Structures are given as structure tokens and as C-alpha cells.
Amino acid sequence: MVLVDSHCHLFEVKNYQLPDDIIPVVAGHSHGSNKKAAELARSKGYPFTLGIAPQTAIKQDLSQLDEWVSFIRENKPNAIGEVGLDYKWARTMEDVEKQRLVFRRMIALAEEMELPLVIHSRNNPSENEVPRDAMEEIMGMVRGKRALMHFFSGTAEQAGRIVADGGYLSIIHLHSKERRKVINSITIDKLLVESDAPYVGRTPEAVREAASYIAEIKGISLEQAAAKTTENAKMFFGF
């Protein structure tokens, strides 16, 4: 049984020996982490994604964005990601506009390179000037494009619209009522699993729990869930 961890920051998982039955998709989120992701993935033969995440867009001076884009282009990842909009951490409309600018640039790069997008989305829980629903805005911006919603945290209704548009959803091991509804309502050919290690799962091995969660809800074996999510990941990332 082989599992693909469709989103992990493996270069940040310290003192860890990856087991043979897990294939990691190594994800960058900033120029510095993109360098680490590309180096590690190339040395081990792993698939990888490179992108400028919305959290990075807020924190960093964007004057070097052209350089960051050039690095991604030259290193030929399997997908552009993680990218998107995160309105939880945006404090002002200036933060929002920086995120939008970078996300549009990443979408354009994905189109240029004919690559899929791996998307980070987080809504704003606060009452402030920042828009509330990042997910809806993202869905409008990537309509008709190949996209994977990593660590999907939207509703079952949104999940249905995403997959109807050709998108995929990545499932983590954490249980919730809404996540159960999402898994139950979406066919398994549109689901992947991930750990988001070390930020959510401690290591990539958390994908075993994610696959078990899908298997339980779908009423299938763990082996079946692993085989199908692995097939989906290989098709999406092209490896």
C-alpha cells in the first residue's frame, strides 16, 4: 500500500526518516522555502510545488516578486503552490491587495507553464474591513482552471461546485462534522490526502489517518482509499 502526501513541507520536518510507503509532494510557500523544497525534492526524486503563499505576500516586500517568479519558472515544479488568499491574517485592505496581486501573478504563471494550482484558502473570522469569504473569491478567480484546494475547509456545497468545475480537494486527518459532509458528498476520484506537516500533521505519516477517515466515511477499505487517492495525486501532479 502506497500513499501520496499531496502537501507537506518536508524540509521543515526535522530528524525524520520518511517511510518507503509514502510519497511526499514537497511544498514551498515563499522564495526561501521554494529553494529548500526544490533542492530536497530534486535530491530525492520527489514531486514538488513552488509558489508564493498569501501569508508570505503580507509579510514580505514584493519588490523582488519578479525574481521569485523567475526562480519558480526555471525550476519547473509539478504545480504552482501553495498560493491563494488568507483573510484570517490580513489586517488591512493593503494586506488584501498584496495577496490578490501575488495570487493573480501565480495564476498567470500556472497558465504560462501549463501547470495546475495548489490553493490555500482561509476565511476572515473577524469583524473588520477585510473581506470575510476568501473561498468564494478564490473560486471565482480560478474558475475553469486545474486546481487542488489544499487542506479544504469549505462547505459541502462549495466542494460540490469546485469539483463540478474540475477541481480537486485535499483531505487532512482532523475530524469535523463539515469535513465528514464534504467527504460523504464528493466522489473519491476527486479526493487526495495530505499531512501539511509539520504545521498540521506532525509528519507525513498523518496521511494514513486521512486515508482511514475517507475509507470509514465511504465504506471502503483503507487499501482502496489509499489506491484511489494515490492514483488521483499522480494524475493531478503528473508523476
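The values are calculated or read from the model by the stated rules, or taken from the named source; none is laboratory data. None of the values given here were measured: they were computed from a predicted structure. Positions of Cβ are backbone-derived with ideal geometry, glycine not excepted, and every protein chain shown enters the neighbour counts.
Every listed requirement among (1) farther than 23 Å from residue 209 by Cα; (2) in a helix (DSSP H, G or I); (3) not polar (S, T, N, Q) is met by residue 179 save one, (1). Go through (1) among the aliphatic types (A, V, I, L, M); (2) crowded, with 23+ Cβ neighbours inside 10 Å; (3) over 20 Å from residue 53 (Cβ atoms); (4) free of Cβ contacts under 8 Å to residues at least 40 places away in the same chain for residue 220 and report which single condition fails. Residue 220 satisfies every listed condition except (2). In the range 51-80, the residues that are more than 19 Å from residue 98 (Cβ to Cβ) form Cβ pairs under 8 Å with partners that are among the aliphatic types (A, V, I, L, M) and part of a loop (DSSP other than H, G, I, E, B), at six or more places apart or across chains, as follows: 77/115; 78/115; 79/115. Evaluated against (1) in contact with a strand residue (DSSP E or B) (Cβ under 6 Å, 6 or more places away or on another chain); (2) among the charged types (D, E, K, R); (3) surrounded by 17 or more Cβ atoms within 10 Å (Cβ to Cβ), residue 95 falls short on exactly one condition, (1). Evaluation of residue 122 against the conditions (1) surrounded by fewer than 22 Cβ atoms within 10 Å (Cβ to Cβ); (2) over 14 Å from the mean Cα position of the chain (by Cα); (3) within 24 Å of residue 9 (Cβ to Cβ) shows that the sole unmet condition is (2).
Across the range 59-101, the qualifying residues are those that are of a type in the set (Lys, Arg) and touching a helix residue (DSSP H, G or I) at 6+ places or on another chain (Cβ under 7 Å), and the one among them that is nearest to residue 136 (Cα to Cα) is 98.
Within the bounds of the range 30-48, is there any residue that is in contact (Cβ under 8 Å) with a residue 40 or more places away in the chain, in a loop (DSSP other than H, G, I, E, B) and surrounded by 14 or more Cβ atoms within 10 Å (Cβ to Cβ)? Scanning the range 30-48, I find at least one residue that is in contact (Cβ under 8 Å) with a residue 40 or more places away in the chain, in a loop (DSSP other than H, G, I, E, B) and surrounded by 14 or more Cβ atoms within 10 Å (Cβ to Cβ), so the answer is yes. Counting only strands (runs of 3 or more DSSP E) wholly contained in the range 100-174, the ones carrying 2 or more residues that are in contact (Cβ under 8 Å) with a residue 60 or more places away in the chain occupy 117-122, 168-171.
Can you say whether residue 196 is modelled with pLDDT of 95 or more, among the acidic types (Asp, Glu) and in a loop (DSSP other than H, G, I, E, B), as far as the supplied structure shows?
When the stated conditions are applied, residue 196 passes them.
Of all the residues in the range 15-24, those that are more than 19 Å from residue 173 (Cα to Cα) and in contact (Cβ under 8 Å) with a residue 40 or more places away in the chain number 1. A Cβ distance below 7 Å, combined with a sequence gap of six or more or placement on separate chains, defines the contacts here; from the range 195-212, residues that are more than 18 Å from residue 225 (Cβ to Cβ) reach residues that are of a type outside the set (Ser, Thr, Tyr) and not in a loop (DSSP other than H, G, I, E, B) in the pairs 196/7; 196/8; 197/8; 197/206; 198/12.
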